[in-house]
Amino acid sequence: DVYKRQIKNIADEGDSNDINPLLPGSKVFGIFGFCDIRNFTDTTEILQEDVMIFVNEVAEIVHDITTLYLGAPNKNIGDAFLVVWKFMERDLEVVNDELRLRMSTRINDIADMAAFAFIMVIAAVNKSKKMAKYREYEDLNARMPNYRVKMGFGMHAGWAIEGAIGSVYKIDASYISPHVNLTMALEEGTKIYGVPFVISHHFYNLLSKEVQQKMRPLDRIVLHGFEEVTALYTFDLDFSALKVEEKEDKELDRETHMFSRIRARHKRDLIRKGIDKGVYHIKKRFSTNRNIRRMRKEYTSVSPRVTS
């Protein structure tokens with residue numbers, strides 16, 4: 001939407017050689033997800049030039065999965081990624097002159113899907129043959145014994161100002177808000193609490209009751225810059241229970257890669273249409289998905305029915 005406004009501005013001004021960054025932003029409501037690669041400084045010092053390959057391999061997993069589940073990857077900040085699930089105008093209502101979310105099954109479905117997407121990223125990182133090869137690097141293990149690629153994930157919901165940041169020399173679509181900053185703080189909290197996944201009660205309240213029941217209360221804190229108490233929750237996962245995929249990763253040729261993207265786009269369109277029609281509910285997969293069942297085995301009992 002940010003780039004669309006810039007294109008419209010160029011069309012209105014009649015100058016295709018210039019971009020005007022001095023345009024007002026727009027207030028949006030959404031779910032913000034922030035994830036970070038652990039021990040990145042040490043990893044960079046050891047991998048040197050190859051750290052770019054490493055980061056892009058992680059980015060491919062994060063972007064592919066979150067995009068499939070209707071997320072929009074926004075910022076790539078070296079070792080971290082911001083993903084946004086933006087709500088539409090029909091999801092909002094005005095109450096006492098204040099714009100807020102109109103709670104509905106659709107909101108629950110989007111929130112469930114955002115949480116599911118990040119959990120699938122955790123699973124994919126720990127099952128990936130590409131990621132597993134770094135466990136064999138002697139220098140990484142010498143610096144960080146029993147090294148494996150680990151990530152932390154924070155999720156929150158609120159408003160942000162969506163707009164273009166930069167100048168005519170470089171411009172980026174971005175989201176500015178204390179709620180975005182809070183999301184980053186939640187991810188930082190995963191290191192403090194020793195869990196891979198931390199969410200705020202603002203996001204928790206958007207989840208379906210079925211998914212809420214699987215979240216564990218973690219703490220109640222007052223974050224810097226916020227007056228209210230923020231309740232924290234986590235989704236307990238033992239990612240070490242997952243086995244690396246046996247099949248070797250193969251580089252896709254251009255044609256195969258193109259068809260893979262087309263299939264993913266088609267599946268994403270089906271999910272979007274299912275959400276809009278109220279017939280796509282991902283909450284059941286929190287109990288039936290194989291990867292979640294394996295990562296949750298030590299924490300809870302689940303239904304014997306299994307899906308991929």
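Val51 exposes around 10 Å² of accessible area when a 1.4 Å probe is run over every protein chain in place. Under the combined filter of DSSP loop state and at most 16 neighbouring Cβ atoms within 10 Å, region 186-216 retains none of its GluC sites (Glu not before Pro). Along each principal axis, taking the top coordinate minus the bottom one, the Cα set of region 148-214 gives 48, 33, 17 Å in descending order. A convex hull fitted around the alpha carbon atoms of region 87-180 yields 186 Å³ per residue. Ordered by solvent-accessible area of protein heavy atoms (1.4 Å probe), largest first, the residues His266, His63 come out as His266, His63.
Full extension of the chain between Arg265 and Lys133 yields a length gain of 44.6 nm, computed as 0.36 nm times the residue separation minus the alpha carbon distance.
Taking all protein chains as shown and a probe of 1.4 angstrom, Phe197 keeps an accessible surface of around 0 Å². The rule of thumb for compact globular proteins, 2.2 N^0.38 Å, goes into the C-alpha radius of gyration of region 119-253 1.30 times.
Here the relative contact order of the chain, from alpha carbon pairs under 8 Å that lie six or more residues apart, stands at 21 percent. For region 118-182 versus region 20-90, the spacing of their alpha-carbon centroids is 6 Å. Straight Cα distances below 21 angstrom link Lys133 to the lysines Lys150, Lys243, Lys247, Lys250, with same-chain residues fewer than 8 positions distant left out. Quick one: Debye curve from the C-alpha atoms of the chain, no solvent, what's log10 I(q)/I(0) at q = 0.14 Å⁻¹? Evaluating at q = 0.14 Å⁻¹ gives log10 I(q)/I(0) of -1.22. Taking the square roots of five times each eigenvalue of the Cα gyration tensor of region 49-132, the equivalent ellipsoid has semi-axes of 33, 14, 8 Å, listed largest first.
When the chain is treated as a Gaussian network with alpha carbon springs shorter than 10 Å, the biggest mean-square fluctuation among Asn146, Asn126, Asn56 belongs to Asn146. When the helices of the chain are scored as -39500 (n - 2.57) per DSSP H run of n ≥ 4 and the total is divided over every residue, the value at 222 nm lands at -12500 deg cm²/dmol.
Accessible-area rank, largest first, for Phe54, Phe40: Phe40, Phe54, with all protein chains present and a 1.4 angstrom probe.
Asp238 contributes about 40 Å² of solvent-accessible surface, heavy atoms of the protein only, 1.4 Å probe.
Which of the three applies to region 15-172, rounded, prolate or oblate, going by the alpha-carbon gyration tensor with a ≥ b ≥ c and a/c under 1.5 meaning rounded? The shape class here is oblate.
The values are calculated or read from the model by the stated rules, or taken from the named source; none is laboratory data. Note that the structure is a prediction, hence the values are computed from the model and not measured. Ideal geometry is used to build each Cβ from the backbone, glycine not excepted, and the neighbour counts take in all protein chains shown. What goes into the accessible areas is simple: the full protein's heavy atoms, side chains included, and nothing from ligands, DNA or RNA. Shrake-Rupley method; radii C 1.70, N 1.55, O 1.52, S 1.80 Å.
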